[in-house]
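Structure record follows, encoded as structure tokens.
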Amino acid sequence: MTTTAPAIPVNHVDPFSPEVLEDPLPFQHALREAGPVVHLAQHDVYAMGRYEHVRAALVDWQRFPSGAGVGLANWRYEKPWRPPSLLLETDPPHHDAPRAVLAPILSPRALRRLREQWCTEAETLVDEVLASGPEVDAMSTLAEAFPLRVFPDAVGIPREGREHLLPYGDHLFNAFGPENALVAKGAPTLPEHAGWVNAQCARDRLAEGGFGAQIWAAADRGDITPEQAPLVVRSLLSAGVDTTVHGLGACLSAMATHPEQWARLRAQPGLARVAFDEAVRWESPVQTFFRIADVDVSVGGTVVPEGRKILMFLGSANHDPRRWDAPDVFDLDRDPSGHVGFGMGLHQCVGQHVARLEAEALLTALARRVERIAPAGTPRRHHNNTMRGWESLPVRLVPAV
Ligand code: OVV
């Protein structure tokens, strides 16, 4: 007996084109409507955009592993541009020791010691920004400034050279996509940024008590090898800054455009964490990651062929009306848990508690002092092959009396 698999729908749009990066929602709608799996002709890869299938693929690490890279490049045939991440770009069993070392260092319990200090830092920053004038760029003065103030200190790296962190991360996230103009633009300065980042991963650079030193202490205990330790530190510096910046940017843009939601948060500051997760769902700062099909995998009746890359649209899953009521609406009344903005399954963001604490500290400090975050000019999108965020977010901060 022969069975004929239904033809896979084909989409000819380049999801990494400037038009789609400017506004990905129409493309994502088309992707979801076309079917559970779509062939993206421009890059000859497969794609998923519905919540049910994206989520199922994310937790199915056996059939959709990460070891061939989570970008477009297929490491079965191409060489990685940097030594692969021991967390992001590996599968069990190799993945597990680095993850087991890092997870407790970044756990809610371990972060308790940082909370008070981060809240104080956030209040100081908000005071400074308010003093600088009512009209500010919320991206540079808040969304970038706050993580750059607290996170590298928590890792334990020196002050000198921190300006390398954002461009390094931005290029890294571009490099998960095709070699387009965004990648070409970052390539010339990459060696300086990567050289600095890699140098910060050495044991003698990392201050006592920080996340970095704790990773090295795990190597001393034998939980990971001394060769693995610097690469685990590199993951913190790779994934820990730009992502949080764009998560905070999403919160601030949501609050600028939804004054009634800002009023709700001010009335009930305990909603800060829900606000952050709803912003991560709504904006999905990390839009996409690839997997590879390790065998022929049937998804909703269509087959992803063995050895082929498949692009999972986290942002699309987080806007799938099959899963979310009025998905395009930013709403503090909804329960955003279950969103895949931090991924799902064994690779789910190990730093999410750090990001939530940063967001809670900043939003709480703002809620205390700022009555209204009013748009004050046209915001500008930042284009990146993987991340969705803002380049510029002009706002007027109306102080609370
Ligand atoms: C989630 C993520 C993004 C980028 C880099 C890494 C992880 C890493 O582990 O290096």
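With the Cα gyration tensor of the stretch 62-169 giving a ≥ b ≥ c as the square roots of its eigenvalues, does the rule (a/c under 1.5 for rounded; else a/b larger than b/c for prolate; else oblate) give rounded, prolate or oblate? Each step should come with its number before you reach the end.
Numbers: a/c = 2.94, a/b = 1.81, b/c = 1.63.
The shape class here is prolate.
With θ set to phi - 60°, apply the Karplus curve 6.51 cos²θ - 1.76 cosθ + 1.60 along the stretch 381-386 and write out the HN-Hα couplings as whole Hz, x wherever there is a Gly or Pro.
Coupling constants for the stretch 381-386: 6, 9, 8, 8, 5, 10 Hz.
Where is the GNM fluctuation largest for the chain (alpha-carbon springs, 10 angstrom cutoff): Gln200, Gln287, Gln117?
Gln117
Using a 10 angstrom cutoff on alpha carbons, build the Gaussian network for the chain and name the most mobile of Val304, Val129, Val54.
Among Val304, Val129, Val54, the largest mean-square fluctuation in the Gaussian network model of the chain belongs to Val129.
Could you go through the stretch 142-150 in sequence order and give the Karplus-derived ³J(HN,Hα) for each residue, using 6.51 cos²θ - 1.76 cosθ + 1.60 with θ = phi - 60°, rounded to whole Hz, and x for Gly and Pro?
10, 5, 8, 5, 5, x, 5, 7, 9
Near the amide H of Arg388, under 5 Å away, which other amide H atoms are found, from residues 5 or more places off or on another chain, if H is placed in the peptide plane?
Amide H to amide H, under 5 Å and 5 or more residues apart or across chains, Arg388 pairs with Val286, Gln287.
Can you give me the accessible area per residue for the stretch 260-401, using a 1.4 Å probe, in Å²? List each step's numbers first, then the result.
Details: 5050 Å² over 142 residues.
For the stretch 260-401, the per-residue accessible area is 36 Å².
Restricting everything to alpha-carbon atoms, can you work out Rg to Rh for the chain with a Kirkwood hydrodynamic radius? Please list the in-between numbers first.
Working: Rg = 20.9 Å, Rh = 21.7 Å.
A ratio of 0.96.
For Gly49, what is the net charge nearby, where nearby means another residue's Cβ is under 10 Å from its Cβ and Lys, Arg count +1, Asp, Glu -1?
Details: positive: Arg32, Arg50; negative: Glu33, Asp320.
Neighbourhood net charge equals 0.
Please check: in the Gaussian network model of the chain (C-alpha springs, under 10 Å), which one of Ser140, Ser316, Ser66 has the largest mean-square fluctuation.
Ser140
For the stretch 177-249, what does the accessible surface come to per residue with a 1.4 Å probe? Please give it in Å². Each step should come with its number before you reach the end.
On the way: 3150 Å² over 73 residues.
On a per-residue basis, the stretch 177-249 sits at 43 Å².
Using θ = phi - 60° and the Karplus curve 6.51 cos²θ - 1.76 cosθ + 1.60, what whole-Hz ³J(HN,Hα) does each residue of the stretch 65-80 get, with Gly and Pro shown as x?
So the J values, rounded to whole Hz, are x, 10, x, 8, x, 10, x, 5, 4, 9, 6, 5, 10, 10, 8, x.
Carbon and sulfur atoms: what percent of the 1.4 Å accessible area of the stretch 218-312 do they account for?
Numbers: 1630 of 2920 Å².
Roughly 56 percent, rounded to a whole number.
Keeping the other protein chains in place, figure out the carbon and sulfur percent of the accessible area of the stretch 1-111, with a 1.4 Å probe. Could you put the intermediate results ahead of the total?
On the way: 3230 of 5530 Å².
Of all accessible area on the stretch 1-111, carbon and sulfur atoms account for 58 percent.
Normalized C-alpha radius of gyration of the stretch 361-401, against 2.2 N^0.38 Å?
Numbers: Rg = 13.0 Å, N = 41, 2.2 N^0.38 = 9.0 Å.
Expressed relative to 2.2 N^0.38 Å, the Cα Rg reads 1.45.
Before anything else, pin down the relative contact order of the chain: Cα pairs under 8 Å, at least 6 apart, normalised by residue count, whole percent.
Values: 705 pairs, mean separation 103.5, N = 401.
Once normalised by length, the contact order is 26 percent.
List the residues, sorted by chain then number, that are 5 or more residues from Val45 or on another chain and whose placed amide H is less than 5 Å from its amide H.
Amide H to amide H, under 5 Å and 5 or more residues apart or across chains, Val45 pairs with Leu40.
Just add up the charged neighbours of Ser284: K/R +1, D/E -1, any other residue whose Cβ is under 13 Å from the Cβ of Ser284. Working shown, then result.
Numbers: positive: Arg281, Arg388; negative: Asp277, Glu278, Glu283, Asp320, Asp328.
Once positives and negatives cancel, what remains is -3.
What's the longest bit of the chain with no exposed GluC sites (Glu not before Pro), using DSSP loop states and at most 12 other Cβ atoms within 10 Å as the test? Don't skip to the end; give the middle numbers.
Details: sites that count: Glu78, Glu160, Glu208, Glu227, Glu306.
Maximal segment without exposed cleavage sites: 307-401.
Amide H to amide H, which residues 5 or more places from His95 or on other chains are under 5 Å from it, using H placed in the peptide plane?
Excluding prolines and chain starts, which carry no amide H, there are no hits.
The values are calculated or read from the model by the stated rules, or taken from the named source; none is laboratory data. Only a predicted model underlies this, so the values are computations on that prediction, with no experimental measurement involved. Methodologically, a virtual Cβ is constructed for each residue, glycine included, from the backbone with ideal geometry; neighbour enumeration extends over all protein chains shown. Areas reflect the complete protein model, heavy atoms only, side chains present, ligands, DNA and RNA absent. Shrake-Rupley method; radii C 1.70, N 1.55, O 1.52, S 1.80 Å.
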